[in-house]
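The values are calculated or read from the model by the stated rules, or taken from the named source; none is laboratory data. Note that the coordinates shown come from a computational prediction; the quantities given were computed from them, not determined experimentally. All Cβ positions, even for glycine, are placed from backbone atoms using ideal geometry, and neighbour counts span all protein chains on display.
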Amino acid sequence: MTRQPYCQNRRLHGLNLFPADRRPAPGAAAAIRELREETGYTGGRWQIIGRVRPNPAIQNNWLYTALAEGVAQTDAPDPGAGEVLDVATATLEEIRQKLVAGEIDHALVVAGFAHLAFRGERLHAPDDRATIT
């Protein structure tokens, strides 16, 4: 989880993904890159677990949600210019509590956790989305 103090929201990298086209490879590549740059975590097994249109009334982009399992912090975080981040870890139960308490309130982050929660133990992507290994 990264905290961005200047905007008081939280993103969980490995779940949130920047807009990309529908093909999983570019999205997965973006998620892998962002996780490494902003947290120093690398490796693991990756899969796209969902996608949403952030604001289809005025935007035509997609936001993909990626799940990374088995990652480890192998590098120091290297955020981009102007990014102010604080890397923290949390269990899924702690995340659930933060969501319920309203401490995580960024709508796209909540949507990412919804993709995870609605799958329960079934964390494999639907047939129309590739599993990234």
Could you list, in sequence order, the residues of segment 61-103 that are of a type in the set (Val, Ile, Thr), in a loop (DSSP other than H, G, I, E, B) and loosely packed, with under 12 Cβ neighbours inside 10 Å?
-> Thr74, Val84, Thr89, Thr91
Could you please find all residues in segment 36-87 being over 19 Å from His115 (Cβ atoms), among the aliphatic types (A, V, I, L, M) and in contact (Cβ under 8 Å) with a residue 24 or more places away in the chain?
-> Ala72, Ala76, Val84, Leu85, Val87
Please work out if Gly50 is of a type in the set (Gly, Ala, Ser) and assigned to a loop (DSSP other than H, G, I, E, B).
-> no
Residue within segment 109-117 that is touching a helix residue (DSSP H, G or I) at 6+ places or on another chain (Cβ under 7 Å), at pLDDT 90 or above and assigned to a loop (DSSP other than H, G, I, E, B) present | no
Flagged in segment 48-75 as of a type outside the set (A, V, I, L, M, F, W, C) and under 25 Å from Ala88 (Cα atoms), in numbering order, are Gly50, Arg51, Tyr64, Thr65, Glu69, Gly70, Gln73, Thr74, Asp75
Give me a count of the residues in segment 24-49 that are more than 10 Å from the chain's Cα centre (by Cα) and either on the phi > 0 side of the Ramachandran plot or of a type in the set (Asp, Glu) (or both).
-> 5
